[in-house]
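Trainee: Starting off with a structure, shown below.
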């Protein structure tokens, strides 16, 4: 199966590094025009800089692709709406949304502040809600859209110290299920990716020799399928690990 994105426009959140960067580069290399969204903050969500997003845009342009940088926080619905408006002004359509932005505030539930719990939900869950809501009317009018949620095994199976992250990630699967039902008649297909890869989000979770085998680029093929015209019409979750072949389950 040949996957091509010529004429398509994609928004990738959290695309300044790690998996998001690989997603943006892969989509652009196959012809998509890409909005590289990244707040540019630390792993815990603090701070912000446009440097990371701009660097990815320069990579895409140097390779002959088209891209623009955007520094909106996905927690700010008005900023997300402005990003979508800018995209429409630039390219006139939005075909693909990859909800990849995320942060970590890991602590055991007993020691976790409610503020840290809420912030992780705001970025992962509400960030995806904001982005989906902002593009939904556009995709329904086009009668075409592909949305990819980034979930995690922490949501599916649990992980010590990640009650906030796990709750947010499993909630995205529930969001996927309902949006897939509501979007079906408009050819909006909504699926989830559950990746395992070496990024700054996972660098403290695995030993160095294991991380060396988990290249983010190895996860990208599963995302490309979910973002393509051939994406599964029924909501699916692709479990993609660098050491295993991607697997799509329903």
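Trainee: Would you kindly state how much longer the chain becomes between residue 178 and residue 85 on full extension, computed as 0.36 nm times their sequence separation minus their alpha carbon distance, in nm to one decimal?
Mentor: Numbers: separation 93, 0.36 × 93 = 33.48 nm, distance 2.51 nm.
31.0 nm is the gain from fully extending residue 178 to residue 85.
Trainee: Provide 49, 228 in ascending order of the number of other Cβ atoms located within 10 Å of each residue's Cβ, fewest first.
Mentor: 49, 228
Trainee: Specify whether the C-alpha gyration tensor of the stretch 51-120 places it in the rounded, prolate or oblate class, a ≥ b ≥ c being the square roots of the eigenvalues: rounded for a/c under 1.5, otherwise prolate if a/b is larger than b/c and oblate if not.
Mentor: Judged from the Cα gyration tensor, the stretch 51-120 comes out prolate (a/c at least 1.5, a/b above b/c).
Trainee: Relative to a virtual label point 7 Å from the Cα of residue 118 in the Cα→beta-carbon direction, which members of the stretch 149-174 show backbone nitrogen distances below 19 Å?
Mentor: The answer is 163-169.
Trainee: Report the extension gain between residue 4 and residue 185 in nm, rounded to one decimal, defined as 0.36 nm multiplied by the number of residues separating them, less their alpha carbon distance. Can you show the working numbers first?
Mentor: Numbers: separation 181, 0.36 × 181 = 65.16 nm, distance 2.31 nm.
Extending this stretch completely gives an extra 62.8 nm.
Trainee: Right, next: Using the per-residue mean of other Cβ atoms lying within 10 Å as a proxy for protection, in what order, highest first, do the peptides 6-14, 156-164, 72-80 fall?
Mentor: Output ranking for 6-14, 156-164, 72-80: 6-14, 72-80, 156-164.
Trainee: Once you have the Cα-Cα distance between residue 63 and residue 76, take 0.36 nm times their residue separation minus that, and quote the gain in nm to one decimal.
Mentor: So the extension gain works out to 1.5 nm.
Trainee: To the nearest 0.05, how large is the calculated FRET efficiency for residue 55 and residue 107 if R₀ is 30 Å and r is the Cβ-Cβ distance?
Mentor: 0.45
The numbers here are math on the coordinates, done by the rules we state, and not lab data. Just so it is clear, the structure is predicted and the values come from calculations on it, not from any experiment. Because the Cβ atoms are built from the backbone with ideal geometry, glycine has one as well, and the counts that use them run over all protein chains shown.
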